[in-house]
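The structure appears right after this line, and notes come after that.
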Amino acid sequence: MFELRKLPYGKNEFNGFISEQTFEYHYGKHHQTYVNNLNNLIKGTEFENAELGDIILKSNGGIFNNAAQVYNHDFYWDCLSPKESAMSAELSAAINAEFGSIDTLKEKFLTSSTTLFGSGWNWLVYNTQTNKLEIVQTSNAATPATDSKVPLLVVDVWEHAYYIDHRNARPAYLEAFWKHINWAFVSRAYEWALKEGLQSFKFYINGIHKK
């Protein structure tokens, strides 16, 4: 049985960016429901005893949707921090090489996040085929790992992620998100991606949901 992961911070530490009420619904209800659905769906299937990373890479339909949403949310929570954090020199150099500056990355990332139609996720990824950083949009439950791209940073742009606190003002939510990025975690994700490639995706998620 998979379990809802524990948050690495308190639910009242984000000073208006994410309220305790949003955490109660987004984490306590939406994320929990994906975990519950996944546990119910895999009973009696080939995935009943599989690691979560393998389920995401090998399943489809309802099983994939719920497994991927468990992972997407797990990763999103780790990309957030109530305190400022610095990125590594290696990640900074990669961002400068690909985008020119962190300010340009911010502009492109927030534009991509704002213009994603409907529900989904916006990612900074490491493409294991080109060895470059990319910004990728995915709809609904889709995740870049199924396309040989290692997630480094993600923002949730489903309305349940921001509507209680920011109503329909997605750009305001995104500006606040940018101020709360856990760059130390993103830097570690980049380090793992360089060393392990796509395997780092499985190491991360399987480490959270140990069977």
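One table, with the values for the structure above:
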read-out	value
Qualifying position, being free of Cβ contacts under 8 Å to residues at least 12 places away in the same chain, among the aromatic types (F, W, Y) and surrounded by 14 or more Cβ atoms within 10 Å (Cβ to Cβ), among Y173, Y163, Y126, Y71	Y163
Residue list for the range 146-157, filter: closer than 17 Å to I205 by Cβ and either open to solvent by less than 10 Å² (accessible area, probe 1.4 Å) or in contact with a Phe, Trp or Tyr (Cβ under 6 Å, 6 or more places away or on another chain) (or both)	V150, P151, L152, L153, V154, D156
Yes/no for N15 being part of a loop (DSSP other than H, G, I, E, B), at positive phi and in contact (Cβ under 8 Å) with a residue 60 or more places away in the chain	yes
Complete set of residues in the range 189-201 that are in contact (Cβ under 8 Å) with a residue 12 or more places away in the chain and open to solvent by 40 Å² or more (accessible area, probe 1.4 Å)	E191, W192, L194, L198
Residue among T143, T138, T111, T115 that alone is open to solvent by less than 10 Å² (accessible area, probe 1.4 Å) and either in contact with a helix residue (DSSP H, G or I) (Cβ under 9 Å, 6 or more places away or on another chain) or modelled with pLDDT of 95 or more (or both)	T143
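The values are calculated or read from the model by the stated rules, or taken from the named source; none is laboratory data. A quick note: this is a predicted structure, and the numbers were derived from the prediction, not measured. Here Cβ is always computed from backbone atoms with ideal geometry, including for glycine, and neighbour counts include all displayed protein chains. Accessible surface areas use protein heavy atoms only, side chains included; no ligands, DNA or RNA. Shrake-Rupley method; radii C 1.70, N 1.55, O 1.52, S 1.80 Å.
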